[in-house]
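Chemist: The following block contains the structure, expressed as structure tokens.
The values are calculated or read from the model by the stated rules, or taken from the named source; none is laboratory data. Just so we're clear, the structure is a prediction, and the values are computed from it rather than from any experiment. As a convention, Cβ positions derive from the backbone with ideal geometry for all residues, glycine included, and neighbour counts pool all protein chains shown.
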């Protein structure tokens, strides 16, 4: 697996946090950026959960079909993303970890002049986040 960095805009995004210890700065995070003049443009497809509930075929509300639980936001397409030049010319199916975002592969639609990457795995568990939000909204549910 190869690590890659990308940014949605051409602006440099920096995050600098640290503290002083014995006269030296200890860095708590890393600066992630891509040089816009040297970057290659790509389309990045962010796939999310297909359904809005964990088990759409299981217990559902009365009168609801499994198709009622389809997530309308299960695909977000980002165009003109800036990627490291080292990703230019990668083969379809090659896989990479984009830092802090997840794992991506080169799509079948990808062309040498138009790169397309698909997110295959997120780094964070989305269901855990959803369930936590639901518990906070309705503390009576188990």
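Chemist: Only residues that are assigned to a loop (DSSP other than H, G, I, E, B) and either under 17 Å from residue 76 (Cβ atoms) or at pLDDT 75 or above (or both): list them for segment 104-142, please.
Modeler: Correct list: 107, 108, 109, 110, 112, 113, 123, 124.
Chemist: Now for a different question. Taking residue 24 and the conditions (1) surrounded by fewer than 12 Cβ atoms within 10 Å (Cβ to Cβ); (2) at pLDDT below 85; (3) within 26 Å of residue 119 (Cβ to Cβ); (4) out of contact with any strand residue (DSSP E or B) (no Cβ under 7 Å at 6 or more places or on another chain), which numbered condition does it fall short on, given that it satisfies the others?
Modeler: (3)
Chemist: Now for a different question. With the condition kept exactly as written, say whether any residue in segment 96-103 is free of Cβ contacts under 8 Å to residues at least 60 places away in the same chain, in contact with a strand residue (DSSP E or B) (Cβ under 8 Å, 6 or more places away or on another chain), assigned to a strand (DSSP E or B) and surrounded by 11 or more Cβ atoms within 10 Å (Cβ to Cβ).
Modeler: yes
Chemist: I need the full set of residues from segment 64-95 which are touching a strand residue (DSSP E or B) at 6+ places or on another chain (Cβ under 7 Å) and more than 30 Å from residue 37 (Cα to Cα), in order please.
Modeler: Across segment 64-95, the qualifying residues are 69, 70, 71, 74.
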